[in-house]
Every structure is written in C-alpha cells, then in structure tokens.
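Colleague: Please find one structure pasted underneath; my questions will follow.
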Amino acid sequence: MALQASDAVVPGLGLPSLRSRLRGLDLWVPAAVLAAMAVACFLVPLFGHVPGPNAGVLSQTRLPPLSRGHLLGTDTLGNDLLSRCLYGGQVSIEVGLGSVALGLMAGGVLGILAGYKGAIYDSSIMRLLDMILAFPPLVLALAVASYLGPNEQDVIFAIAFFTTPATARLARAQTLKLREREFIVAAELAGHKAWYILRRHVVPNVAPSLLTFGLTLVAVAMIIEAALDFLGLGIRPPEPSWGSMIASGQSYLSTSPWIVFVPTGFLFVTVTSLNLLGNALRTRWARS
Amino acid sequence: MVLNLTQVIGRRILQLIPVLVGVTLINFLLLNLLPGGTAVAILGASATSQEVTVLTKELGLNRPVMVRYWDWLWAAVHGNLGHSLLTQQSVASLLGQRVPVTAELLLLAFLIAFVLSIPLAVLSAWRPRGVVDRISNLLAMVGLSTPNFIVALVLVLVLAIHLRVLPSTGFQPLSAGLWPNVQTLIMPAVAMSLVLFATYLQVLRGDMVDQLAKEDYVVAVRARGVSTWRLLVQHVLRNSLFGIITVVGVNIGTLIGGTVIVESMFSIPGVGQLLVSSIFSRDAPVVEGVVVMMAIVVVMVNLVTDLLYAVLDPRVRYGATG
C-alpha cells in the first residue's frame, strides 16, 4: 500500500528513481515477513487443514510445541495454539489497520486543513487535538473501551481516538512545509482553487510520509489492542486474540511457558517487522 | 520582541488554564456521552430500562451535561473529585494514597533507563558503526518493539520462577525498608524502562554523532588536542542531555499508560491498578478522576520540560510569535 502511494509522488518531487530507492534487504525482509504473516492469518485458515480455534479436546491440554498434530502445542483447553494464533492474528491485523486507516483519514483531513488554511482553522483544530493527545493512549482506549464494549469494532474506535490526533500533527507539519514550496505558490498564483491545489498537490505529497508514519502507528495500535485484551477489556476468550491468549497463559508460566510465548512470538515478529519497515522507508524519504 | 524568562513562564502558565479546562471537558464529555453511559455501566447490560432510569435520576445524570460538568468543575477546583460508588471513599484521598506508589515506580524506571542508556550511547557515538554501536542499535530496536507486559512476563519467568531471586508479585511499601520495597518494584520498573532506554539511547547517540560531525566547537576542542573520548564525556554529552528533556515530555503519556498494565500484573497498589480495578467494578467517579488526573500530569510535565528547556537554552526562549 505504502509503496504504491509513494509511486505517484516521485515525478512531482524530482527524486532519484523509485527503483534505486526500493533496493535493500532492510526494506524487503520486513515487508516479506509481514506479507507472510498476513497470508498465514487470512488465507491458511481458509485453505489449509487448520483445526478450529476452539476445537480443543480436554484430553490434549497443554501439549508442548512439536507435539503430533499440534505444531506449536495446545493451551489449557486443548485448543491448537497455531490455529488460535492465526485466527487471533486476523483480529490484531484488522484492529491495527482499521484504527490507523480511520486515524489517517480523519487526522489527515484535519491536519491538512489546519496546515493549509491556517488562522482560526489551525488554532481551533490543533488545540482540540492537542488536548486529546494529553490523555495517555492506552488510558484513553481503556476508558472508551470500557464504556463501548468488548468487540472488535469498538476497540478500533477506541484506538482511533489516539491515531487521529497523532496523524493530524504530522499532516499539519508536512502541509506547512509544502505551503512554502514554489510549485504550490505557482499553483496559487495561477488562480487554482484551494480544493484543486489540496487534491492535486498537497495530498499526494503528504501521503507518503503519512503512510510511513502509519506503519509505526499500526505497530502501536496492535500493542494497545493486545494490552486491552490482556487486561480483559478488549476481545475476550473464547474468541482468539494474541493479547487474551498471553493473559490466559499467565498462570501457567512456570509449567507451560509456551502458552504465553507462542502468541508473544507472533506479536513481537509482527510489531518488529512493522517498525523495521517504517524505519527503512523513513530513511529513504529522508535521503531524498 | 524578546521576552525575559519570567514573562515566558507567566505566559505559559496563563495558557495552561484553557488547556486544563479543555482537558477536563473532553474527559467529562467522553465518559458521559458514550453510548451506555454511567447507569448502564453500573448496572450491567442486563438491566431493565426502568432500573436504568431510576438510577440515572438518583445519580443526577438526567440533568443537562453542561450543568453537570460545571458542578463537577466547581467541586474539582475546590479539591472535591466526588466519591467512589463502591467504598464511598473520596476520589481525592484514593488518589492521595496511590500517587506516591506510582511516582516511585516511574522515578525508578527513569533512573534505570538513564543509567543504562547514557554509557551505551557514549560508547556508540565514540565508535559509530563499531561493535558496541551495532549491538546497542539492535537493543534499541528490540526495546521499541517489545510491549512492557511481554518484558514483564520474561522477567517473571527468569528471575522469579527459575532463579527465584525476586518475588513475582506483591508490593512492600517504603516503610517496610528500602530493600524489600525496591525488591518488589525492580521488575515492574525494568519492564517499563525498556522503551525509555531504547528511546534515550537512539536520541542521545544520534545527537552526539551529529554534534561531532557538525559543530564548530568540536573542531576547536579537537584542535587543542583533546581526545575524542574526553570531548564526548565533557562537552558533547552535556549538550545532548538537553535534548533528552524534551523526549521525557513526549514519552510521559506512554509511560503513564504503561503503569496501568504493569501495576495490574505485579499487584502494585498505584494509580494504574486503581484505574483498571475501578473500570471492572464500574466505579465511574473514580475512573473519571484517575483519567483526568493522568491527563493533567501529562500537560504539566510537558509544560515543565518546555520551561526547563527555555531556562537551560536561551535560544529557544519565545519571541512575540510564541
């Protein structure tokens, strides 16, 4: 997604060719890991022979990894951990992407508007968003989630309360920088309407850095989601999610640590890859 | 127009008033206008609509929201944040009991992060791309990607379950002695400090390498024959530590959020655990009080770090446009 969007901007900024900037293992390794994770979570349960996330048998509880029929072992109810991690990954990915997509849209619009229009738009929008940012993200999500309810959609909304102002700040800063550039001034002098300039020049140039920032935000959103589940205020068992799996394995940490560390591994690999990919893209934008 | 320091401080404190009003208003509206609302939250989803109406009236929640906000604000300004629905204890006194514990935990986390990140950052900047630099870069990456509850679980598994050197949960107050107190706080503090450690390491290292490459004074000091090592420790590090002050302000929100999880995991009786337990017991006044207090702390810490920066570095003192 980020790569396609960056595609569109290259001619406008006169940057080195896209191809030369997309080389390097630091970019492709995390991208490949993320792609593999997405395929595993969304496609393998559809087409592969994966037992149901709640199809556990009580005679097969707490089997260690590499047991017969259960590659990553089973949990306290005999459920297959690999299967639960894959289904749980769907939740994490959906919540991560959903809350960041909401944040990018709402925050992007507000931030660009504040940066481009300035004056009263700028001060009123940004003051309000800064106040929302004063609330610690997890605390805000906790408070909102506790009133809304423990389902996926509400968790997405709860986290979007944080992703929106965070995105808006960056969108505003980027728009302010762009406003001084010659091609925007030229477009204004040529008599183009504000709406046209925003759509044709501002949005395509702000989008790449917003999407790169979005990758880091997805990582943060996934951690918040896992934390909400972990505290019992997000997705709840029996519905699988990485956070709630970690929480429910906690009491068996001394005897069956894999119940905690299998979902932990999934979360860690995904979050690390998102951060690495974000870093790789950011250094490429900074170089140009 | 250049303002003097007192004017800068006075101005920022005046600007604080609308921000505080705004933060309390957002907190109030958010927790009162969400679907469900307090009465449903207290009674649970299975309550009949009649029960909800009765309780709503009893709690005075049927009055217009702005009237209720004004009453709340008026009482809050006088130090009255309401009473717990569960224990009838005043929210202010509950906070009074819990805040010192959380403050100690946060201070310990900051201390650990500083003690570990500063030497590593200096060593990394001393030989960029050397072995130490590469290892600390990796550590920083891992630190930024690991949620605090995972760090906590690993610590419990290794230190409490396998090595049995620390208790896995529980809390001893400072009055029980320094060592028992630190023993119960060290694992939660380390769990929270990993993100701070990673951030400080990256910021400090980056800033020091930048200074070595760009600043004129570095050339001047080097020309006097001072070794890179002494230059780093005596001059560059001191300048870079300024930059960290801003990062502390930026991080405080995430850090306070972290107390919620870590305190619940380790049964530490701080503000974070109070928030989680009152969410579960549907104790709305306490939830409101804790959330608004946390937001105010974030605002105040940001103000203090901004001002400290202005005091320490005259270049950032505001002009007329500030």
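The values are calculated or read from the model by the stated rules, or taken from the named source; none is laboratory data. Bear in mind the structure is a predicted one, so any value in this text is a computation, not a measurement. Positions of Cβ are generated from backbone atoms using ideal geometry, with glycine treated the same way; all protein chains shown enter the neighbour counts.
Colleague: Please find, among B:A109, B:A113, B:A140, the residue that is of a type in the set (A, V, I, L, M, F, W, C), closer than 29 Å to B:S168 by Cβ and within 14 Å of another protein chain (Cβ to nearest Cβ).
Modeller: That would be B:A140, the only listed residue that is of a type in the set (A, V, I, L, M, F, W, C), closer than 29 Å to B:S168 by Cβ and within 14 Å of another protein chain (Cβ to nearest Cβ).
Colleague: Among (1) within 14 Å of another protein chain (Cβ to nearest Cβ); (2) within 28 Å of B:I252 (Cβ to Cβ); (3) out of contact with any Gly (no Cβ under 9 Å at 6 or more places or on another chain), there is one condition B:T102 misses while meeting the rest; what is its number?
Modeller: In the conditions (1) within 14 Å of another protein chain (Cβ to nearest Cβ); (2) within 28 Å of B:I252 (Cβ to Cβ); (3) out of contact with any Gly (no Cβ under 9 Å at 6 or more places or on another chain), B:T102 misses (3) alone.
Colleague: Next question, about the same structure. With segment A:62-174 as the region, which helices (runs of 4 or more DSSP H) entirely inside it contain at least 1 residues that are more than 18 Å from the chain's Cα centre (by Cα) and of a type in the set (D, E, K, R)?
Modeller: Helices (runs of 4 or more DSSP H) meeting the threshold: A:81-117, A:119-133.
Colleague: Is it true that A:R127 is charged (D, E, K, R) and either touching a strand residue (DSSP E or B) at 6+ places or on another chain (Cβ under 8 Å) or within 20 Å of A:T164 (Cβ to Cβ) (or both)?
Modeller: Judged against the criteria, A:R127 is a match.
Colleague: Can I ask one more? Search segment A:225-250 for residues being at the interface with chain B (Cβ under 8 Å from one of its Cβ atoms) and crowded, with 23+ Cβ neighbours inside 10 Å, and hand back the single one that is nearest to A:A143 (Cα to Cα).
Modeller: A:L233
Colleague: Which pairs turn up if I take residues in segment B:182-209 that are under 21 Å from B:G272 (Cβ atoms) and look for partners that are charged (D, E, K, R) with beta carbon separation below 9 Å, at least 6 apart in sequence or on another chain?
Modeller: Hits for this filter: B:L185/B:E104; B:P188/B:E263; B:A189/B:E104.
Colleague: Can you find a residue that is crowded, with 16+ Cβ neighbours inside 10 Å and away from every other protein chain (no Cβ under 11 Å) anywhere in segment B:143-153?
Modeller: No, there is no match, as no residue in segment B:143-153 is crowded, with 16+ Cβ neighbours inside 10 Å and away from every other protein chain (no Cβ under 11 Å).
Colleague: When segment B:168-198 is examined, which residues are found to be crowded, with 16+ Cβ neighbours inside 10 Å, within 14 Å of chain A (Cβ to nearest Cβ) and not in a helix (DSSP H, G or I)?
Modeller: B:S168, the sole residue that qualifies.
Colleague: Quick one: which of B:G243, B:G258, B:G225 is at positive phi and either in the same structural domain as B:L174 (by TED's automatic domain parsing) or in contact with a helix residue (DSSP H, G or I) (Cβ under 7 Å, 6 or more places away or on another chain) (or both)?
Modeller: B:G225
Colleague: Out of (1) at pLDDT 90 or above; (2) within 14 Å of chain B (Cβ to nearest Cβ), the odd one out for A:L253 is which?
Modeller: Only one criterion is unmet by A:L253, namely (1).
Colleague: Looking at segment A:128-138, which of the residues that are at the interface with chain B (Cβ under 7 Å from one of its Cβ atoms) and under 15 Å from B:T24 (Cβ atoms) is surrounded by the fewest Cβ atoms within 10 Å (Cβ to Cβ)?
Modeller: Per the criteria, the residue is A:I132.
Colleague: On to the next question. Give segment A:256-269 a look and list any residue that's crowded, with 18+ Cβ neighbours inside 10 Å and more than 9 Å from chain B (Cβ to nearest Cβ), or say none.
Modeller: Within segment A:256-269, A:S256, A:W258, A:I259, A:V262, A:P263, A:F266 qualify.
Colleague: Another question, if that's okay. Tell me, please, whether a residue that is over 13 Å from the mean Cα position of the chain (by Cα) and farther than 28 Å from B:Q202 by Cβ can be found in segment B:241-258.
Modeller: no
Colleague: Filter segment A:139-152 down to the residues that are without any contact (Cβ under 8 Å) to a residue 12 or more places away in the chain and more than 17 Å from B:V23 (Cβ to Cβ), then identify the one that is surrounded by the most Cβ atoms within 10 Å (Cβ to Cβ).
Modeller: So, considering only residues that are without any contact (Cβ under 8 Å) to a residue 12 or more places away in the chain and more than 17 Å from B:V23 (Cβ to Cβ), the one surrounded by the most Cβ atoms within 10 Å (Cβ to Cβ) is A:Y147.
Colleague: What do you reckon, is B:F110 aromatic (F, W, Y), within 24 Å of B:I256 (Cα to Cα) and modelled with pLDDT of 90 or more?
Modeller: yes
Colleague: Got a sec? Which of A:A134, A:A160 is small (G, A, S) and within 17 Å of B:L25 (Cα to Cα)?
Modeller: Just one listed residue meets the conditions, A:A134.
Colleague: Among the listed residues A:R181, A:R172, A:R199, identify the single one that is surrounded by 15 or more Cβ atoms within 10 Å (Cβ to Cβ), more than 11 Å from chain B (Cβ to nearest Cβ) and among the basic types (K, R).
Modeller: Result: A:R172 is the single residue among A:R181, A:R172, A:R199 that is surrounded by 15 or more Cβ atoms within 10 Å (Cβ to Cβ), more than 11 Å from chain B (Cβ to nearest Cβ) and among the basic types (K, R).
Colleague: What's the number of the condition B:V218 fails, among (1) at pLDDT below 85; (2) farther than 30 Å from B:V260 by Cβ?
Modeller: Against the list (1) at pLDDT below 85; (2) farther than 30 Å from B:V260 by Cβ, B:V218 comes up short only on (1).
Colleague: Within the bounds of segment A:184-207, is there any residue that is out of contact with any His (no Cβ under 6 Å at 6 or more places or on another chain) and closer than 18 Å to A:G98 by Cβ?
Modeller: Looking for residues that are out of contact with any His (no Cβ under 6 Å at 6 or more places or on another chain) and closer than 18 Å to A:G98 by Cβ, one finds none in segment A:184-207, hence no.
Colleague: Confirm whether A:V39 is among the β-branched types (V, I, T), within 14 Å of another protein chain (Cβ to nearest Cβ) and either farther than 28 Å from A:I156 by Cα or in a helix (DSSP H, G or I) (or both).
Modeller: It is false that A:V39 is among the β-branched types (V, I, T), within 14 Å of another protein chain (Cβ to nearest Cβ) and either farther than 28 Å from A:I156 by Cα or in a helix (DSSP H, G or I) (or both).
Colleague: Also, I was wondering about something else. Might you let me know whether segment A:280-288 holds any residue that is touching a residue at least 12 places away in the same chain (Cβ under 8 Å) and at the interface with chain B (Cβ under 10 Å from one of its Cβ atoms)?
Modeller: The answer is no; no qualifying residue exists.
Colleague: Can you list residue pairs whose Cβ atoms sit under 8 Å apart, with the first residue in segment B:169-180 being over 20 Å from B:V156 (Cβ atoms) and the second being assigned to a helix (DSSP H, G or I) and hydrophobic (A, V, I, L, M, F, W, C)? Count only pairs 6 or more apart in sequence or on different chains.
Modeller: If the second residue must be assigned to a helix (DSSP H, G or I) and hydrophobic (A, V, I, L, M, F, W, C), the pairs left are B:P173/B:V101.
Colleague: Only one residue in A:G96, A:G118 is within 14 Å of chain B (Cβ to nearest Cβ) and farther than 26 Å from A:Q153 by Cβ, so which one is that?
Modeller: Only one candidate passes the filter, namely A:G118.
Colleague: For segment B:236-250, what are the residues that are of a type outside the set (V, I, T) and under 18 Å from B:L196 (Cβ atoms)?
Modeller: B:L237, B:S240, B:L241, B:F242, B:G243, B:G249, listed by residue number.
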